[in-house]
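Undergrad: Here you go, one structure.
We did not get these values from a lab; they are worked out from the coordinates using the rules stated. Because the structure is predicted, anything quoted here is derived from the model rather than measured. Methodologically, a virtual Cβ is constructed for each residue, glycine included, from the backbone with ideal geometry; neighbour enumeration extends over all protein chains shown.
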Amino acid sequence: MSKYIAFLRAINVGGHTVKMDALRQLFESLGFSNVETFIASGNVIFEAKAGNAKSLEKKIETCLLEVLGYEVVTFIRTDAEVAEIAKYKPFPQSQLDAATALNIGFLTDSLDDSATQKLMSMQTEIDDFYIHEREIYWLCKKKQSESKISNVVIEKALGVKSTLRGVNTVKKLAEKYG
């Protein structure tokens, strides 16, 4: 059995509320074991027979659409991948120390050259980006409320689905499950 972490996009937004017990039961109904949730923002840890992450994502998305009645895009990483993502240093420590937030955007696939250029063109004196594999690292140098960047802005500009998590959440997941 392999350990996976599913990052669910928009599980509890727009008037929708899903209890974490119900979410765990949905994952168990799919045949996954040792299912846990981590904070109520759509992080689900589970074990499954080693397989293709894309097929697991599709299986989860299909179930959630059928049961909840709305699309919940799913981004799956192994526990080892989450550990690597958590310890990756995309910016110098001095920049990290001076910033107010570092967010990680999970993508289903790596960005192509065109999307990479679009993202980099969105850099400002407040926002800086770094791309590594299937993740975007977004450094916000001031209050995020001063930034024009959001998950919706990123998705619209790049034409890809994504979900954001704060680096502290990712680090806590890696410490607990990596």
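Undergrad: Would you mind checking the pairs Lys19/Lys118; Lys3/Lys118; Lys87/Lys141; Lys3/Lys172; Lys89/Lys141; Lys87/Lys176 and listing those with alpha carbons more than 25 angstrom apart?
TA: With Cα atoms farther than 25 Å apart: Lys19/Lys118; Lys3/Lys118.
Undergrad: Which of Val18, Val72, Val44 moves the most in a Gaussian network model of the chain with Cα springs under 10 Å?
TA: Val18
Undergrad: Taking the alpha-carbon distance from Lys142 and a cut-off under 18 Å, which aspartates and glutamates remain once sequence neighbours fewer than 8 residues away in the same chain are dropped?
TA: Asp97, Glu125, Asp127, Asp128
Undergrad: Report, in debye and to the nearest 20, how large the dipole of the chain comes out about its Cα centre when Lys and Arg carry +1 and Asp and Glu carry -1 on their Cβ.
TA: Using only the charged Cβ atoms, the result is roughly 240 debye.
Undergrad: Identify all aspartates and glutamates with a Cα-Cα distance to Lys59 below 15 Å; exclude those on the same chain that are fewer than 8 residues away in sequence.
TA: Straight-line reach from Lys59, under 15 Å: Glu28, Glu47, Glu71.
Undergrad: Helix-only mean residue ellipticity at 222 nm, the chain, DSSP H runs n ≥ 4 weighted -39,500 (n - 2.57), per residue, nearest 500. What is it?
TA: Taking each H run of at least 4 residues, the total per residue is -11500 deg cm²/dmol.
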